[in-house]
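The values are calculated or read from the model by the stated rules, or taken from the named source; none is laboratory data. It should be emphasised that the depicted structure is a prediction, and the values quoted were computed from it without experimental measurement. Note that each Cβ is placed from the backbone with ideal geometry, even for glycine, and that neighbours are counted across all protein chains shown. Keep in mind that these areas ignore ligands, DNA and RNA; they rest on the heavy atoms of the full protein, side chains included. Shrake-Rupley method; radii C 1.70, N 1.55, O 1.52, S 1.80 Å.
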Amino acid sequence: MTEISIVTPSLDSAGVIASCIRSVAGQSIRAQHLVVDGFSSDGTLDVIRESGGGVEIIQQAPAGIYAAINLGIRNSTGEIIGVLNADDFYASAGVLEQVAAVFEDPAIEACYGDLCYVDDKDTSKVVRYWRSGEYRPARFRHGWMPPHPTFFAKRRVFDQFGAYRTDLGTAADYELMLRFLVRYRVAASYVPQVLVHMRTGGVSNASISARIKANRMDRKAWQVNGLRPYPWTAIAKPLRKVGQWWRRPTPTGKQY
């Protein structure tokens, strides 16, 4: 079975990181789990050590989420790499086994699935359902993107096409997936089920000003890759989220 490495960036995540760790440790196949912590001061490291999840801890001075992820990738050993934020958790114990099965096809270099936003206090309550759907390059120009916590890629893709750009703020994950899937046409497969539960309260959606800044960085993501979006791409991207409030997935797995 191909080894999977999961990278979790963390800073003062004591209240949420235990469920993240349990969801990785509880997978039906073993995965390397690296937590890159920015010297948390709220007891996060104690929670990690007490979890018993076999987590590898790396510490670095706070330099941003994507700098932490890049450091985790450089220190990982798996052939497949995924990112799971400290306040996210896998939807079931079989997620990584399904991901590994996708990569048994040597032609596949990346995969992704669906995501549920859940209430930050009651994680059994689904707030939004992000159904990704099958990938086609043209969909990016209509505002589409896969949910980043469900995105997995082979190590050789990172080695060949680069890691996260830390100069793009919260758009760094969008830029990386745009670069891999559209610019370099990495072969990707869609797993048609919920892979990750994400607590509400993302940084890029924290305020109107944050959303405006995120849209500006989204446009820059196209520019740095020498790609041309449609005139409406930046507007279509947030508008695609509207339907997520009404859809509901089929329940899967236990809650972490």
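Among the residues of segment 56-86, the ones that are part of a loop (DSSP other than H, G, I, E, B), modelled with pLDDT of 95 or more, open to solvent by 30 Å² or more (accessible area, probe 1.4 Å) and closer than 27 Å to Lys121 by Cα come to 1 in all. Restricting attention to segment 168-199, the residues that are over 25 Å from Ile21 (Cα atoms), modelled with pLDDT under 95 and open to solvent by 10 Å² or more (accessible area, probe 1.4 Å) add up to 1. For segment 87-111, taking the residues that are within 26 Å of Ala187 (Cβ to Cβ) and of a type in the set (Gly, Ala, Ser), the one that is surrounded by the most Cβ atoms within 10 Å (Cβ to Cβ) is identified as Ala91. So the check is Cβ under 8 Å with 6+ separation or different chains; which pairs have a first residue in segment 138-155 that's at positive phi and a second one that's among the hydroxyl-bearing types (Ser, Thr, Tyr) and open to solvent by less than 10 Å² (accessible area, probe 1.4 Å)? Here the result reads Gly143/Thr233, each pair linking segment 138-155 to a residue that is among the hydroxyl-bearing types (Ser, Thr, Tyr) and open to solvent by less than 10 Å² (accessible area, probe 1.4 Å). For segment 7-15, the criterion of being crowded, with 23+ Cβ neighbours inside 10 Å, of a type outside the set (Phe, Trp, Tyr) and assigned to a loop (DSSP other than H, G, I, E, B) is satisfied by at least one residue.
Considering every residue within segment 206-226, establish whether at least one is in contact with a His (Cβ under 9 Å, 6 or more places away or on another chain), modelled with pLDDT of 80 or more and open to solvent by 50 Å² or more (accessible area, probe 1.4 Å). The answer is no, given that none of the residues of segment 206-226 is in contact with a His (Cβ under 9 Å, 6 or more places away or on another chain), modelled with pLDDT of 80 or more and open to solvent by 50 Å² or more (accessible area, probe 1.4 Å).
Any residue in segment 19-32 that is open to solvent by less than 20 Å² (accessible area, probe 1.4 Å), in contact (Cβ under 8 Å) with a residue 24 or more places away in the chain and over 18 Å from His197 (Cβ atoms)? Yes. For segment 77-132, a residue qualifies if it is in contact with a His (Cβ under 7 Å, 6 or more places away or on another chain) and of a type in the set (S, T, N, Q), and exactly one does: Thr123. From the list Asp122, Asp114, Asp159, the lone residue that is modelled with pLDDT of 95 or more and surrounded by fewer than 18 Cβ atoms within 10 Å (Cβ to Cβ) is Asp159.
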